[in-house]
1. Since LEU99 meets every condition but one in (1) surrounded by fewer than 20 Cβ atoms within 10 Å (Cβ to Cβ); (2) of a type in the set (A, V, I, L, M); (3) touching a residue at least 12 places away in the same chain (Cβ under 8 Å), which condition does it not meet?
2. Could you tell me how many of the residues in region 93-123 are outside any strand (DSSP E or B) and either farther than 16 Å from LEU66 by Cα or of a type outside the set (Ser, Thr, Tyr) (or both)?
3. On the basis of being among the acidic types (Asp, Glu), touching a strand residue (DSSP E or B) at 6+ places or on another chain (Cβ under 8 Å), closer than 18 Å to PHE128 by Cα and at pLDDT 95 or above, does GLU46 make the cut?
4. With respect to THR110, determine if the residue is surrounded by fewer than 13 Cβ atoms within 10 Å (Cβ to Cβ) and touching a residue at least 12 places away in the same chain (Cβ under 8 Å).
5. Give the residue, chosen from ALA26, ALA58, that is modelled with pLDDT under 95 and touching a strand residue (DSSP E or B) at 6+ places or on another chain (Cβ under 8 Å).
6. With the requirement that a residue be modelled with pLDDT of 95 or more, basic (Lys, Arg) and farther than 17 Å from GLU32 by Cα, what does region 83-127 give you?
7. Taking region 154-175, which residues are in contact with a Pro (Cβ under 6 Å, 6 or more places away or on another chain) and at pLDDT 80 or above?
8. Picking from LEU22, LEU36, which residue would you name as being touching a helix residue (DSSP H, G or I) at 6+ places or on another chain (Cβ under 8 Å), touching a residue at least 40 places away in the same chain (Cβ under 8 Å), assigned to a loop (DSSP other than H, G, I, E, B) and crowded, with 22+ Cβ neighbours inside 10 Å?
Amino acid sequence: MGRPCSRLHASLPERYAILPPLAAGAGLRQGEIFALSPDDLDFDRETITVRRQVKLTASNQPYFALPKGRKTRSVPMPTSVRAALLAHLERFPARTVTLPWDGPDGSPVTVTLILTTRESKPINRHYFNAKIWKPALHANGVPATRDNGCHALRHYYASVLLDGGESIKTISERLGHSGEPPRFRTPDPIRSARNGG
């Protein structure tokens, strides 16, 4: 995990500190991280299977749904992410959450989640972004703009893979993109921190 991610990791409350390793080290989207279960982890094969996400209705009600593009995928689990997950699960055992599937009126589905609130509720992205993520950015001197949201860590992940020689096709598959490969960019504060600036 690179320096900007390590600093964010250290600035977040311990319960939520697993998010940067999963976004920057495995390319998961925020909603996919919020819906990740120990059942999705294969520590022997070092893979993560992305099966679902937590979404919100217009009235802020959570539900489970397939990942964006309605496709599941498997991604490599780097050694640093593996270690972070094992430490997190030891400190914060996974908790079961029941939510409707594919919309507020869907059939209830129960999943054991890696990340929940202290009250064993699914994490609400609006609360997380305003009350957890933005203060961590401020603590590191990073402007709390949309460009520096959790999604920026996926761009960081893609840029590290690209720098390492991975093909755009492989990177797109790992990120769960369909169709035309996206343009990858790393926001300026994260890029400068990555380059030692």
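1. Answer for LEU99: the failing condition is (1).
2. Quick first cut of region 93-123, residues outside any strand (DSSP E or B) only: 93-94, 102-107, 114-123.
Narrowing the set further to residues that are either farther than 16 Å from LEU66 by Cα or of a type outside the set (Ser, Thr, Tyr) (or both) leaves 93-94, 102-106, 114-123.
Result for region 93-123: 17.
3. Numbers: among the acidic types (Asp, Glu): yes; touching a strand residue (DSSP E or B) at 6+ places or on another chain (Cβ under 8 Å): yes; closer than 18 Å to PHE128 by Cα: no; at pLDDT 95 or above: yes.
So GLU46 does not fit the description; no.
4. Numbers: surrounded by fewer than 13 Cβ atoms within 10 Å (Cβ to Cβ): yes; touching a residue at least 12 places away in the same chain (Cβ under 8 Å): yes.
Yes; evaluated as a whole, the condition is true for this residue.
5. Numbers: ALA58 fails: touching a strand residue (DSSP E or B) at 6+ places or on another chain (Cβ under 8 Å).
Result of the check over ALA26, ALA58: ALA26.
6. ARG91
7. Going residue by residue through region 154-175, those that are in contact with a Pro (Cβ under 6 Å, 6 or more places away or on another chain) are 168, 172.
ILE168 - this is the single residue of region 154-175 that is in contact with a Pro (Cβ under 6 Å, 6 or more places away or on another chain) and at pLDDT 80 or above.
8. LEU36
The values are calculated or read from the model by the stated rules, or taken from the named source; none is laboratory data. Bear in mind that the values here come from a model prediction, so they are computed numbers and not experimental data. Cβ coordinates were reconstructed from backbone atoms using ideal geometry, including for glycine residues, and neighbour counts include every protein chain displayed.
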